[in-house]
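**Q** Let me give you the structure first, and then I'll get to my questions.
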Amino acid sequence: LYGLTNLDIGILNQYESRYTAAGQTLKGGSLGYDFGLFKTSVTVGSTEYISRDGEPDRYSSTAVHTEFKPLYKQKLGVIYYTYSASRQLAQDDFFKEATSVPSFQTPVHIVSLTHEGGIGKNLTLNNEVAMSYQKKAANTNQFGFDNSAITTALEYNLTRLPVSFKGEWEHIGKDFQNSALPYIRSATERYTLAGKADVFRSLMSVGLQYNFLKQETFSST
C-alpha cells in the first residue's frame, strides 16, 4: 500500500474544485495514489437534492483528479468530472413514447485545469478554467466562452507592513452546466477587490471589500 494517499468510503464531503465536486455531500468512495511525479484520485458516488415536488433528485457522478508534483512552487492539476441524473422515468407516461433520451438525463462532462502558485515571495495566484460538454445536436457548438467557467485570484502581501490586497475575477458562461452543485451560478460575472490590515500588534484585523456581481436570466439582468 506504499503510495496510497487516501481511502474514504461512506458519506463524504469531497472537494476537488469550485466547478466540479465542490464539497457537496456524496455517498460513495474515494481512492488516491501517489505515483511520484503526480498524484491521482478517483471518486465515485451519488448526490441527492430535494426537487420542487418534494422528491429527491439523484445524480451519479465520477471525478478523476490528477495533480502534478510542484515545479518552481507552481502546482498544476487536471480534473475530469462527469455526472448524470439517475432518476428513472421509464414508467412516466410523458416519456413513454419518447424516441430519444431527455436532455437532463444525458451525461454532462466537465474538464477543469487548476493552478496554484506564486510569483516571488509576496504574490500568490489561484486559477481555474473549466468547460462543460453535453451531447446534443450535431450542429451545436459547445466549445467556447459560453460553456466555460473561469476564475483568477491574486493576493499580494506587503513585507514590511501587515497589509494584504486581494483581487478576483470570475466568469461563468450561460451554457456552463453542473447541476450537481449545491446552487447554479450560470451566466455570472463577478469582480472582487479587498484589502486587510492587522493593527494594534495583530490584536485586530480591519478589512474593506468591494464586490460587483452581474447575473443574467431569460428576462432580466
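**Q** Based on DSSP H runs of at least 4 residues, each adding -39500 (n - 2.57), what is the mean residue ellipticity at 222 nm of the chain after dividing by all its residues, to the nearest 500 deg cm²/dmol? Please list the in-between numbers first.
**A** Values: 1 runs with 4 residues, N = 221.
For the chain, the value works out to -500 deg cm²/dmol.
**Q** Determine the principal axes of the Cα atoms in region 1-86, then give the extent along each, sorted from largest to smallest and rounded to whole angstroms.
**A** 51, 27, 17
**Q** I've got another one for you. In Å², and per residue, what accessible area does the chain have when probed at 1.4 Å with the other protein chains present? Provide the component values of the computation, followed by the final result.
**A** Details: 14860 Å² over 221 residues.
Ligands and nucleic acids excluded, the result is 67 Å² per residue.
**Q** Also, quick follow-up: Treating the Cα atoms of region 102-221 as identical point scatterers in vacuum, please give the log10 of the normalised Debye intensity I(q)/I(0) at q = 0.19, 0.20 Å⁻¹, two decimals.
**A** -1.07, -1.13
**Q** Just the projected area, averaged over all directions, of the convex hull on the alpha carbon atoms of region 107-168: how many nm²?
**A** Details: hull surface 21.3 nm².
For the Cα atoms of region 107-168, the hull's average projected area reads 5.3 nm².
**Q** Picking from 160, 58, 190, which is most flexible by a Gaussian network model of the chain using Cα springs under 10 Å?
**A** 160
**Q** In the neighborhood of residue 162, defined by Cβ-to-Cβ distances under 13 Å, what is the net charge if each Lys or Arg adds +1 and each Asp or Glu adds -1?
**A** Working: positive: 160, 196, 201; negative: 198.
Local net charge: +2.
**Q** If Lys and Arg each add +1 and Asp and Glu each add -1, what is the summed charge of the other residues whose beta carbon sits under 13 Å from the beta carbon of residue 133?
**A** Details: positive: 135, 136; negative: 146, 175.
It works out to a net charge of 0.
**Q** Give the accessible area for residue 53 in Å² (nearest 10); use a 1.4 Å probe, count only protein heavy atoms, and leave out ligands, DNA and RNA.
**A** 100 Å²
**Q** Semi-axes, largest first, in whole Å: what does sqrt of 5 times each Cα gyration tensor eigenvalue give for the chain?
**A** Details: eigenvalues 257, 113, 60 Å².
One finds semi-axes of 36, 24, 17 Å for the chain.
**Q** Also: Would you mind getting the Kirkwood hydrodynamic radius of region 148-204 from its Cα pairs, rounded to one decimal in Å? Walk me through the numbers before you get to the answer.
**A** On the way: mean 1/r = 0.0729 Å⁻¹.
After inverting the mean inverse Cα-Cα distance, the result is 13.7 Å.
**Q** Taking all protein chains in place and a 1.4 Å probe, what share, in percent, of the accessible surface of the chain do carbon and sulfur account for? Could you put the intermediate results ahead of the total?
**A** Details: 8720 of 14860 Å².
Of all accessible area on the chain, carbon and sulfur atoms account for 59 percent.
The values are calculated or read from the model by the stated rules, or taken from the named source; none is laboratory data. All values derive from a computational prediction rather than experimental measurement. With ideal geometry, Cβ positions are generated from the backbone for all residues, glycine too; neighbour counts draw on all protein chains shown. Surface accessibility is based on the protein's heavy atoms, side chains included, excluding ligands, DNA and RNA. Shrake-Rupley method; radii C 1.70, N 1.55, O 1.52, S 1.80 Å.
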